[in-house]
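The structure appears right after this line, and notes come after that.
Laboratory data are not the source of any read-out in this text; all were calculated from the coordinates shown. Because the structure is a prediction, the values reported are computed rather than measured. No Cβ is skipped: glycine too gets one built from the backbone with ideal geometry, and neighbour counts run over all protein chains shown.
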Amino acid sequence: MRHVFISGVSSGIGHALAALHLARGDEVWGVSRRVPEDLQQHPGFHFRALDLCAPERAYPALQMFLGETCFDTAYLNAGTFGHAPELAVSTSVDAFREVLDLNVVAVKWVLDLLLCRDSQPRQVVFSASVSGIRQRAGMLSYSVSKAALNALAKVYHLENPEVFFAVFGLCNVDTLVAQTILNADERFAELVALRERSGQPGYIVSPAKRAEDIVTLLGCRHALALQSGQFYEVRQLLERMHTEV
């Protein structure tokens, strides 16, 4: 039985990861703003409602919640796209800051808490995105936050070589983030084209499928020679796994 920490467990990939680990007999410590009612009944699920964008209150609460638990894996998954795709010049500073607060700042302080404990997690998994590397019009806040997340993961790897940092671009998953992106209006041709491609069979996968992919890739990380702190797209790794492993 493994001990797992997950942020953003109320929906999407965080919820799917929690359900998967619980089904495997692991114990899960999860945090999110909203309560995942369906997971609450599971004896291996420990939950605390927290607003990760309010660290002055959330930090001591999370510290108490985690106690001295030694975690095998920590999934820093909580994130947001923000409002609908918009021109950069029309994106308010407040809206920009809101996305960075959850996607980057919250990741930093939660990671600091985990690494400064007596028992560090063996591996930390970041829910990254190719948007941090390949930018598209209409996605300023999200793209900047994911680019910053990639840099954050790299620096923490360099300073903490004993911890494995997995940086996975999760590609097209049926979550609120993807739904928001795919609702882009006609000003954003690339996003409209993405919406058209999303209708192809298998192009958009379920959170449960992607959770399984993530856990599988972590189990094959040595065989795939994955580098700590290095960004990888999940779909490309799955293709490699099927041919090399």
Stokes-Einstein D in µm²/s, Kirkwood radius over Cα pairs - the range 1-41 at 4 °C with 1.567 mPa s viscosity: 131
Whole-Hz ³J(HN,Hα) from phi, Karplus 6.51 cos²θ - 1.76 cosθ + 1.60, for the range 207-213, glycine and proline x: x, 4, 5, 5, 4, 4, 4
Karplus-derived 3J(HN,Hα), 6.51/-1.76/1.60, for each residue of the range 39-54, Hz, glycine and proline x: 8, 4, 7, 7, x, x, 9, 10, 10, 9, 6, 9, 9, 5, 8, 10
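To the nearest 20 Debye, how big is the dipole of the chain about its Cα centre, given +1 on the beta carbon of each Lys and Arg and -1 on that of each Asp and Glu? Write down the numbers at each step before the final one.
Numbers: 22 positive and 26 negative charges, 55 e Å.
With Lys and Arg at +1 and Asp and Glu at -1, about 260 debye.
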R0 of 22 Å, Cβ-Cβ distance THR216-SER11: FRET efficiency to nearest 0.05: 0.50
Square roots of five times the Cα gyration tensor eigenvalues for the range 205-245, Å: 16, 12, 9
Within the range 141-164: backbone nitrogen closer than 16 Å to the LEU176 label point (7 Å, Cα to C-beta): 142
In order through the range 27-34: 3J(HN,Hα) via Karplus (6.51 cos²θ - 1.76 cosθ + 1.60), integer Hz, x for Gly, Pro: 9, 10, 9, x, 9, 5, 6, 9
Long-range tail of P(r) for the range 1-137 (Cα pairs > 22 Å, %): 39
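Work out, step by step, the length gained on full extension between SER119 and ARG57: first 0.36 nm times the residue separation, then minus their alpha carbon distance; give nm to one decimal. Before the final figure, lay out the partial values.
Numbers: separation 62, 0.36 × 62 = 22.32 nm, distance 2.30 nm.
That pair, SER119 and ARG57, stretches by 20.0 nm at full extension.
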Alpha-carbon Debye profile of the range 18-95, log10 I(q)/I(0) at 0.11, 0.14 Å⁻¹: -0.41, -0.60
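Please quote Rg/Rh for the range 105-223 to two decimal places, taking the Kirkwood radius as Rh and restricting both calculations to Cα atoms.
Numbers: Rg = 16.3 Å, Rh = 16.0 Å.
For the range 105-223, the value is 1.02.
If each DSSP helix of 4+ residues adds -39,500 (n - 2.57) and the sum is divided by the residues in the chain, what number results at 222 nm, nearest 500 deg cm²/dmol?
Rounded to the nearest 500, the figure is -13000 deg cm²/dmol.
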Per-bin percent of Cα-Cα distances, the chain [10 Å]: 7, 32, 38, 19, 4, 0
Estimated FRET transfer efficiency (GLU190, HIS83; beta-carbon r; R0 25 Å; 0.05): 0.85
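How much length is gained if the chain between PHE96 and MET241 is pulled fully straight, taking 0.36 nm per residue apart and subtracting their Cα-Cα distance, in nm to one decimal? Show your work: numbers first, answer last.
Details: separation 145, 0.36 × 145 = 52.20 nm, distance 3.68 nm.
Full-extension gain reported as 48.5 nm.
Placing +1 at every Lys and Arg Cβ and -1 at every Asp and Glu Cβ, with all other atoms neutral, what dipole size does the range 127-229 have around its Cα centre, in debye to the nearest 20?
Numbers: 10 positive and 9 negative charges, 26 e Å.
So the magnitude is around 120 debye.
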